[in-house]
Structures are given as C-alpha cells and as structure tokens.
1. Filter the range 16-43 for residues that are part of a loop (DSSP other than H, G, I, E, B), open to solvent by 60 Å² or more (accessible area, probe 1.4 Å) and in contact with a strand residue (DSSP E or B) (Cβ under 9 Å, 6 or more places away or on another chain) and give the result.
2. Which residue out of GLU60, GLU64 is in contact with a helix residue (DSSP H, G or I) (Cβ under 6 Å, 6 or more places away or on another chain), among the acidic types (Asp, Glu), closer than 30 Å to GLU42 by Cα and modelled with pLDDT of 90 or more?
3. How many residues are of a type in the set (Gly, Ala, Ser), open to solvent by 70 Å² or more (accessible area, probe 1.4 Å) and assigned to a helix (DSSP H, G or I) when one looks only at the range 44-58?
4. Would you check which residues across the range 14-45 are out of contact with any Lys or Arg (no Cβ under 9 Å at 6 or more places or on another chain), over 16 Å from THR75 (Cα atoms) and either of a type outside the set (A, V, I, L, M, F, W, C) or modelled with pLDDT of 95 or more (or both) and list them?
5. Hey, among the residues in the range 68-104 that are in contact (Cβ under 8 Å) with a residue 40 or more places away in the chain and part of a strand (DSSP E or B), which one's nearest to GLY29 (Cα to Cα)?
Amino acid sequence: MVEYRIDRHSGVATYVQIVQQTKQALRLGLLRPGDRLPTAREVVEATAINPNTVLKAYRELEREGLVEARRGLGTFVRRSLGATPADDSPLRAGLGAWAAEARGAGLDREDVAALFAAVLDEVFPAPDSPPGPPGPSRRDAPHNPGDRSSTSSPSPSPSPSNPSSNPALQGGDPS
C-alpha cells in the first residue's frame, strides 16, 4: 500500500501531491490494478490533512480513469501507468550505478536531477517544443563541487512534492 508524504511548504497543493505520488507508485509498479488505495480516514490519520482533500485527489484520479470508487469497499486501482522496469531489471541497475557514479563525482541530488531532466528533454522532446537543443544546460558550465552558489543545499530527506525522490514509493534504500 502507498504511504503519502505531504510537504506543506512545497507550494504544491496537497491534493496534487497525493495525485502525483499515486501516479508515481503506479509507474513504479508499487500499485497495480486491483490494489486498494488507503481510505480517506487512513490518509487523514497518517498525514493530518482534511478528508475532503483526499477525496478530491481520489476524484481526480478517478476522472483520469486510474482508479474507481466502489461504494462500501474503497477505491481501487483500475490501470497502471507506463512500463517502468522492475527493481531487478538491468535498466534500473544501470541507472543506479550511474547515480552512484554521479554522486562519487561530487554531484548533489539537485545536480543529478537537473542533468537527468536535461537528458530526458533531449531524448524525449515535448511534442510542441521547437526543434533543436533545449535551453541552457548545466553541461556547458564546469562543475565545482565546492561551489553551491548556483544550487540549493542538498536535501537530507526526499521531497514529497517530487514523488520520484520518495523512497517510500521507490521501494529501495534511499542512501
């Protein structure tokens, strides 16, 4: 079952955080068709948010066809998202090795996320983006691990506003 982590300081609406984290769990295969989402009461007890916020998130997921509410039974996953490789796949292992190499080279979490996002934009361009390279790339500037003036300090814990950084949804050791 998914555990939601709410960041009240992220600037992202709470219901959107629930939607994003649910979608991330669907992409990672942590939630599969037929699985039951936590009840609104369970989410409220774990996160101290308003039950209507949980219900709003679940309605959004239902509107997108990802879940369905069954009266008296709960909310259940209808379909998964994407085809994210399993924990034991060579792709995930390679990405893990690459991330460890980046960390060893002095890159922090934000540096790695920016680099990965830039590569994703190159490999998977948005359908409405103009041809050519994306905007400025950090690759163009030399990286000095001691200089953090252009990046924020490393975050010691995952950011709930970014579900992809949430180890509870990744099923792995965050270190």
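1. Restricting attention to the range 16-43, the residues satisfying the condition of being part of a loop (DSSP other than H, G, I, E, B) are 28-35, 37-39.
Then keep just the ones that are open to solvent by 60 Å² or more (accessible area, probe 1.4 Å); that gives 30, 32-33.
Across the range 16-43, the qualifying residues are ARG32, PRO33.
2. Values: GLU64 fails: in contact with a helix residue (DSSP H, G or I) (Cβ under 6 Å, 6 or more places away or on another chain).
Just a single option satisfies the conditions, and that option is GLU60.
3. As a first pass, look at the range 44-58 and keep what is of a type in the set (Gly, Ala, Ser): 46, 48, 57.
Of the ones still in play, those that are also open to solvent by 70 Å² or more (accessible area, probe 1.4 Å) are 46, 48.
Now drop any that are not assigned to a helix (DSSP H, G or I), which leaves 46.
Final tally of qualifying residues: 1.
4. Once the filter is applied, which keeps residues that are out of contact with any Lys or Arg (no Cβ under 9 Å at 6 or more places or on another chain), over 16 Å from THR75 (Cα atoms) and either of a type outside the set (A, V, I, L, M, F, W, C) or modelled with pLDDT of 95 or more (or both), the range 14-45 yields VAL16, GLN20, GLN24, ARG27, GLY29, GLU45.
5. Step by step, filter the range 68-104, then rank; the result is VAL77.
The values are calculated or read from the model by the stated rules, or taken from the named source; none is laboratory data. If you're wondering where the values come from, they're calculated on a predicted model, not measured in any experiment. Reconstructed Cβ throughout: ideal geometry from the backbone, glycine too, with neighbour counts over all protein chains shown. For the accessible areas, the whole protein counts, side chains as well, though only heavy atoms, and no ligand, DNA or RNA atoms are used. Shrake-Rupley method; radii C 1.70, N 1.55, O 1.52, S 1.80 Å.
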